[in-house]
1. If you check 212, 143, which single one turns out to be surrounded by 15 or more Cβ atoms within 10 Å (Cβ to Cβ) and either outside the structural domain of residue 77 (by TED's automatic domain parsing) or at pLDDT 70 or above (or both)?
2. Out of the stretch 256-272, which residues are part of a loop (DSSP other than H, G, I, E, B) and either surrounded by 13 or more Cβ atoms within 10 Å (Cβ to Cβ) or in contact with a strand residue (DSSP E or B) (Cβ under 6 Å, 6 or more places away or on another chain) (or both)?
3. Among the residues of the stretch 48-57, are any part of a helix (DSSP H, G or I), within 19 Å of residue 31 (Cα to Cα) and in contact with a strand residue (DSSP E or B) (Cβ under 8 Å, 6 or more places away or on another chain)?
4. Which condition does residue 369 not pass, out of (1) at pLDDT below 90; (2) not in a strand (DSSP E or B), if it passes all the others?
5. Go through (1) at pLDDT below 90; (2) assigned by TED's automatic domain parsing to the domain that holds residue 117 for residue 2 and report which single condition fails.
6. Please tell me if residue 89 is surrounded by fewer than 14 Cβ atoms within 10 Å (Cβ to Cβ), modelled with pLDDT of 80 or more and more than 45 Å from the chain's Cα centre (by Cα).
7. How many residues are modelled with pLDDT under 90 and surrounded by fewer than 19 Cβ atoms within 10 Å (Cβ to Cβ) if we restrict to the stretch 311-327?
């Protein structure tokens, strides 16, 4: 506390002795050539009198256009004091300050490898350019910020002092509160702190985040792996992907047995006849299955469950399906068995349910309402 009061005293003394600030200049953008710019085309009224038609080139000067940054007072003072220094033997031929926030300096080209900015007494010269030469009738741009000298009269010392006192008072109050808390912690048993502060807070924070998550979830995505089974018998494998918003959504699914190698050259009837003739069969068979569905799904517990990942709903959709049973002949050719081979519309319908995100589905699917299989799946909803 004594240190803070001492700091306040020293700062008060410092505010009473704010020194005079010297003027200065800072380069914001380095000097560079303005492409395709002609001094005589742009500033003939200002510098046309320096043109000498009998010489080559007729205009032997370059213009350095200095853009000024700062407030109105700084710009006005800069126009009065800022100039260029190029050594003892050379100087600025002409200086124009009629343009807003600009000073135009006319200098002889092509010399002047070192150009400095000078802003008068008490101002340190700043190197503007060390180009090897300036091109005649060319324009060069730069941007500077001039800070005029200040005697500190524009500083509201009383306001600064009041603000400082208020800040230090706040610091003193905060320090006192910290000391009181530290003293209270020292007096309280360690096991009490551990039981009442650390573990419950962390547990409550974790539970509250999870509860907010499951209660406020709007878009729910489910991903399931699926298996299909038919009494043919036929097994198929695939996946189901869906999304719901506000209890309603969409899904897509696909299953196959991934057996597509054999190609049929014809089809036979239930007796194995192909166009009335029964070929010689080797006894080998091959079956293929593909079903792609898409459709609508609805969660019937959307308005009833606080946990948005506890669901029970239905899905129904349609798409394309193909199932073929092939028989091999002794010639190594394949014949499609027409009674159990189907190709065309595929539909499916079923139920799905989730508990804390773990999701199951069970349903049936069909191809042309002639081939039917059972589909089950397990996955996760998030």
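1. When all the criteria are applied, what remains is 143.
2. Those that are part of a loop (DSSP other than H, G, I, E, B) and either surrounded by 13 or more Cβ atoms within 10 Å (Cβ to Cβ) or in contact with a strand residue (DSSP E or B) (Cβ under 6 Å, 6 or more places away or on another chain) (or both): 257, 259, 260, 262, 269, 272.
3. No: the stretch 48-57 contains no residue that is part of a helix (DSSP H, G or I), within 19 Å of residue 31 (Cα to Cα) and in contact with a strand residue (DSSP E or B) (Cβ under 8 Å, 6 or more places away or on another chain).
4. Looking at each condition in turn, residue 369 falls short on (1).
5. (2)
6. Spelling it out, it is not the case that residue 89 is surrounded by fewer than 14 Cβ atoms within 10 Å (Cβ to Cβ), modelled with pLDDT of 80 or more and more than 45 Å from the chain's Cα centre (by Cα).
7. Looking only at that region, the number is 1.
Residue-by-condition table, conditions (1) in contact with a helix residue (DSSP H, G or I) (Cβ under 8 Å, 6 or more places away or on another chain); (2) at pLDDT below 80; (3) in the same structural domain as residue 352 (by TED's automatic domain parsing):
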residue	(1), (2), (3)
223	no, no, yes
227	no, no, yes
232	yes, yes, yes
238	no, no, yes
253	no, no, yes
260	no, yes, yes
269	yes, no, yes
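The values are calculated or read from the model by the stated rules, or taken from the named source; none is laboratory data. The structure displayed is predicted, hence computed values, not measured ones. When we count neighbours, we look across all protein chains shown, and the Cβ atoms used for this are built from the backbone with ideal geometry, even at glycine.
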